[in-house]
1. What number goes with the only condition from (1) buried (at least 17 other Cβ atoms within 10 Å of the Cβ); (2) modelled with pLDDT of 95 or more; (3) out of contact with any Pro (no Cβ under 8 Å at 6 or more places or on another chain) that Ser91 does not pass?
2. Please identify the pairs in which a residue from the stretch 181-198 that is within 15 Å of Arg111 (Cβ to Cβ) has its Cβ atom under 6 Å from the Cβ atom of a residue that is open to solvent by 10 Å² or more (accessible area, probe 1.4 Å) and at pLDDT below 95, counting only partners at least 6 apart or on another chain.
3. If I filter the stretch 40-80 down to residues being open to solvent by 10 Å² or more (accessible area, probe 1.4 Å) and among the aliphatic types (A, V, I, L, M), which single residue comes out as farthest from Tyr115 (Cα to Cα)?
4. Return the residues of the stretch 528-582 that are aliphatic (A, V, I, L, M) and either in contact with a Cys (Cβ under 9 Å, 6 or more places away or on another chain) or not in a helix (DSSP H, G or I) (or both); say none if nothing qualifies.
5. Just give me the residues in the stretch 132-164 being within 37 Å of the chain's Cα centre (by Cα) and under 18 Å from Thr100 (Cβ atoms), in sequence order.
6. For the stretch 495-505, indicate whether the set of residues that are modelled with pLDDT of 95 or more, part of a strand (DSSP E or B), touching a helix residue (DSSP H, G or I) at 6+ places or on another chain (Cβ under 7 Å) and open to solvent by 10 Å² or more (accessible area, probe 1.4 Å) is non-empty.
7. Among the candidates Gly528, Gly513, single out the residue that is farther than 18 Å from Leu405 by Cβ and in contact with a Pro (Cβ under 7 Å, 6 or more places away or on another chain).
8. What are the residues in the stretch 544-557 that are in contact with a strand residue (DSSP E or B) (Cβ under 8 Å, 6 or more places away or on another chain) and open to solvent by 60 Å² or more (accessible area, probe 1.4 Å), if any?
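The values are calculated or read from the model by the stated rules, or taken from the named source; none is laboratory data. Owing to the predicted nature of the structure, the values given are computational and were not obtained by experimental measurement. We place every Cβ from the backbone using ideal geometry, glycine too, and count neighbours over all the protein chains shown. Heavy atoms of the whole protein, side chains included, go into the accessibility calculation; ligands, DNA and RNA do not. Shrake-Rupley method; radii C 1.70, N 1.55, O 1.52, S 1.80 Å.
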Amino acid sequence: MDIAYSFIKFNDEVIDSKIMMELTDLTRLLLKQEKTTVMVRKFSYFNPVDNIFNLSFFWKHRQDISELEGFRYDILTRYPSIFIFDYTLYSEMKEVSRFTQQIFLSLEYNRTRRYALQERPLIVDMIGPGDNIMMKEYEKPSKSDAEKFLKGFNTAILKSEGSFYFMDEYFNIITHSTAESIKLAKEMTDYLSRYISVSSKFQIHDMPFSEIESAIRQDDLRKDAQKLKSQSNEDQQDEMRQIDTKTDRDARQANMIGEAGDNASQKNDHGKQNDYNDDVDDYHEGFGTNTGDNHFMDSYSANHDAVLNIVQPKINLTDYTDYRSLYDTYHSAARKIILEIMQILDYKINSIQDNRSSGRLMKNPVGPMITGSHKVFTKKNTESREIDAAFTLIIDQSFSMMENLEGCRNGAIIINNVLKTLEIPHRIISHHEDTFEVMKNHYPNTIYEHMDFERSKYYYPVSLLNIEASGDNRDGMILRHEMELLNRRNEKNKFIIMFSDGLPSAEEYNQSGIIDTHEAVQEAAKNGIGVINIFINQDNEENTLEAIKNIYDTNAVIVDDAENIVYVLPQLMQRLLTQILL
């Protein structure tokens, strides 16, 4: 698809979302990890605990290199780390001095650079401009001997030298294992401490040593690099023979480095769906039970710490009268769609097929007889009145939607009226992330089931009257959960209609949220599910609107006010249902 330029605002920096999507593709291709998340931080490194590849802010706002080339430099020179570093030994470096850590990380960086250049010699021209910029950076005056040493050390690495000269001594800078890097870093520090102060805070590289140590204690980190590489190859052998690159530019880059193709879609094993507990018998009786016992965790790294809780909202007895009033208000809009679709169904059911080789003899078979054709029979269509489709409606219930929930609710009432009358199974939910309950490594999200597939032909989503805006929106995770429920169904045509007024935004989900949601939409498309976003464009920057178009492509329906949803939806539903029938 043709992606327009748009931007992600992160830590007061503006990140081009198109570039981030391309870089995410390239990173996953090289790491052979389809769930790796790409982030932008002060320093570039791969975080093995969270499966996050961090790119450096150093490449922002530069005149001597493009943002894309700079970020790509980080990826191409550091991607082998997942295969050759023994992260289980990194805890040994947690308590050593900053200077020793920098020597160690420089030695490990040298290993990953040499491995990358050996494995893919063609990248030497691609990383050349970045090398030149970094060497100029290291030529700047140093504030201490320790800083001067580290800059000289890393300059020698960029020049692919085997050693470098400092204070009348040659220092070997080539190691062949993490253990050897640790040993040599400590030896260098011991030697240099006799002649210079090694208490420098100067930093070139970074690594979350504390996180790695914690993961090792919890046995979350695989025991060595070779096992990680082997297990990765075994787990993803089928999926990763061909790597999915969603953008043309990365497809060209992939061909340049020797890998391209289409990755087979992979379905997630998400938590089971709760039984619906609201017995709403045509407005007369029934109360919902807030069970809240279904917990789902999204395995994608952007949602690693997010938990999904599924509940059925309670229904107040007085809500039925209010719902009936709204139902009557918008019934004419729904009725118009229903009549149009019924006419198409009637036509298909009652139409006659001529020129058949069997059936009843045509009233006037002269034409076929003149041409010598034996097809002189007719047959009445035996089309079923059932429309082979299923729909899911998702309402963003985050705090920013406070002024828009009423319009979304009214739109959902119209859709329910149409689909219920046509006996098309559908599901209606709202969702948010509970910002008041967010803790480190625990981001609780809630789905409120206002209607499920099984009861959608008989009941009404009365609990929609009580939805309230709160928290944030983790759209990618919600999409995957609803996509999985649709994947279990047998209908031929499946759609998800989302109502929102902004970009995905949740805990640790601003920059990665756009990419995660975009990928969820792509996954849905691979599974034959159309995702349509009804976007309420109130007080949004142009960049936000362009980012929404990036995520949903031509399936983004823009409305200027939530009140206009009731006018836009009938046209959308009529188009979708007509498309299914014709």
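1. Evaluating Ser91 over (1) buried (at least 17 other Cβ atoms within 10 Å of the Cβ); (2) modelled with pLDDT of 95 or more; (3) out of contact with any Pro (no Cβ under 8 Å at 6 or more places or on another chain) leaves (2) as the failure.
2. From the stretch 181-198, the pairs are Ile182/Glu92.
3. Checking each candidate, the answer is Ile65.
4. Of everything in the stretch 528-582, those that are aliphatic (A, V, I, L, M) and either in contact with a Cys (Cβ under 9 Å, 6 or more places away or on another chain) or not in a helix (DSSP H, G or I) (or both) turn out to be Ile529, Val531, Ile532, Ile534, Ile536, Ala556, Val557, Ile558, Val559, Ala562, Ile565, Leu582.
5. Listed by number, the residues that qualify are Asn154, Ile157.
6. yes
7. Gly513
8. Lys549, Asn555
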